[in-house]
Amino acid sequence: MTFDNLRLVAPILEALKSEGYLRPTPIQARAIPIILKGADLLGCAQTGTGKTAAFAVPLLQMLAEDKNMKKETPAIKTLVLTPTRELALQIGESFTRYGKNTRLRHTVIFGGVSQKAQTDALRRGVHILIATPGRLLDLIDQKYVDLKGIEHFVLDEADRMLDMGFIRDVKKIIAGLPKKRQTLFFSATMPAEISRLADTILTKPEKVAVTPVSSTVDSIEQAVYFVDKVNKKHLLLHLLKDPAIVTALVFTRTKHVADRVARDLVRAGIRAEAIHGNKSQNARQRALNNFKERRTRVLVATDIAARGLDVEELSHVINYDLPNVPETYVHRIGRTGRAGLSGTAFSFCDGDEKTCLSDIHKLIARKITVIDNHPFRVHETRSMRNPDDAVSAVAGKKPLLKSGNSSARNRYAGFRHAER
Ligand code: AMP
């Protein structure tokens, strides 16, 4: 399968070629034809699968081919709603790159910064609007945005909207959209409330599920270190002595720990910064750019701050703390090993995190290699090394969603039939 098989027009094919994309990723191969024929789509895909291009490319093509687009001042035809500023900016960049040979205009709006530049861009007119929910509602109230001309609506990372408490805002925005429209709904997981929302806003959707969150990317090497909580910072410094760790995204569970870890690293002479919800938008963007451009070697992040963070060629993900929601582990490590590149994910596990590790093992249905030869090794008990005996019995098989982890089971129920 190549992009030529997907009936894409020359300006877009050329843009993809100049991006160096040789062939469509699975979600692109499956979603692009569905979107181009105008159907609604329910897509289960995490970041890192190429899902942005999967919707941006066909939307750009449909708008570029729309004969009614010749008007002097463009009107908003496509709305992309996404939960975070970082995601909004990254989606905006994607539209810029894939649409560079078209005359289509887009802009990105999000909160936490002055609205002036955003309202100026809206006044000049755009065909495509990429927005976070709060700022969009604000600008609708102030009459800077009118959604009555929307023909295509993308709801991105719906489950994260729910996690972040945006679901009421999202519903309010949807209530103001024209009934006749194409809707593309993306979510990595399907909690009941998200599944109900999908049912109410999609019309006869075609379903595409790729790389379910339970299957970790094969190209990512995974290893776990058993270590006491107090020694985690020493272990991190020890690992970072290895120059093979060119860039590392370090995950912590709290903002406080993220700050402390970054501080410890800087004190030890390692270029590091922290990114989390308490930082201003400018500080987060600056930290992100420093990391992307390799001015910093380590970015320490909480899950919400890192969501959607797209760093090409990220060599290592380090779980300083293990997440207590096992799907988060898969999201975290999916930041490395992007688009076929190899990557490494290290996890630190202290005595209190054994259950988290056990849940992760159940979800990914494989055992993560234990690294024993490090200076901070704890004398692990049998249950620490293999916290869930059931895991070894199923290693290498399909994810264990039938027993044990009922929350994971619920989350996947909606997509079980959507695969293939
Ligand atoms: P996304 O899942 O949209 O966040 O995309 C993940 C990464 O994959 C981004 O860095 C894209 O630039 C890259 N990407 C998307 N589609 C392709 C493709 N067909 N070939 C190679 N890289 C791609």
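Data overview
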item: Which listed pairs, of Lys172/Lys204; Lys116/Lys204; Lys232/Lys292; Lys241/Lys367; Lys143/Lys255; Lys233/Lys292, have C-alpha distances above 31 Å, in listed order; result: Lys116/Lys204; Lys143/Lys255
item: Ordering of 123-132, 96-105 by burial proxy (mean other Cβ atoms within 10 Å per residue, highest first); result: 123-132, 96-105
item: Chymotrypsin sites (Phe, Trp or Tyr not before Pro) restricted to the range 190-296 and DSSP loop, no more than 12 other C-beta within 10 Å; result: none
item: Integer Hz, Karplus 6.51/-1.76/1.60 couplings in order for the range 7-21, x for Gly and Pro; result: 6, 8, 7, 3, x, 7, 4, 5, 5, 5, 4, 6, 6, x, 7
item: Over the chain: helical MRE at 222 nm, DSSP H runs n ≥ 4 each giving -39500 (n - 2.57), nearest 500; result: -11500 deg cm²/dmol
item: Fraction of beta bridges assigned by DSSP in the chain that are antiparallel (%, nearest 5); result: 0 percent
item: Within the range 1-89, GluC sites (Glu not before Pro) in DSSP loop having at most 14 other beta-carbon neighbours inside 10 Å; result: Glu65, Glu72
item: Built amide H within the under 5 Å cut-off of Ala345, gap 5+; result: Glu221, Gln222, Ala223, Val317
item: J(HN,Hα) series, the range 227-236, from Karplus relation 6.51 cos²θ - 1.76 cosθ + 1.60, nearest Hz, glycine and proline x; result: 7, 6, 3, 5, 9, 4, 5, 5, 5, 4
item: Amide H partners (placed H, <5 Å) of Ile270, local residues excluded; result: none
item: Backbone HN-Hα couplings from phi across the range 147-163 [Karplus 6.51/-1.76/1.60, Hz, Gly and Pro as x]; result: 9, 6, x, 5, 10, 10, 10, 10, 9, 9, 6, 4, 5, 6, 4, 5, 3
item: Partner aspartates and glutamates for Lys77 [C-alpha distance under 14 Å; skip if fewer than 8 residues away on the same chain]; result: Glu65, Asp66, Asp146, Glu151
item: Cβ charges +1 (Lys, Arg) and -1 (Asp, Glu), total dipole of the chain, debye; result: 680 debye
item: Selection from Leu104, Met164, Val261 lying farthest towards where the dipole of the chain points positive, charges on Cβ; result: Leu104
item: Rounded to 5, percent antiparallel among DSSP beta bridges of the range 220-385; result: 5 percent
item: Mean Cβ neighbour count within 10 Å, used as a protection proxy, ranking 188-194, 147-153 highest first; result: 188-194, 147-153
item: Difference of contour (0.36 nm per residue) and Cα-Cα distance, Thr2 to His238; result: 80.6 nm
item: Accessible surface of the range 1-97 [probe 1.4 Å, protein heavy atoms]: carbon and sulfur percent; result: 52 percent
item: For His127, distant residues with modelled amide H under 5 Å away; result: Arg105, His106
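The values are calculated or read from the model by the stated rules, or taken from the named source; none is laboratory data. Here the structure is a predicted model, which means the values were calculated and not measured. For neighbour counting, all protein chains shown are included, and Cβ atoms are generated from backbone atoms with ideal geometry for every residue, glycine included. Ligands, DNA and RNA are stripped out before the accessible areas are found, and what is left, the full protein with its side chains, is counted by its heavy atoms. Shrake-Rupley method; radii C 1.70, N 1.55, O 1.52, S 1.80 Å.
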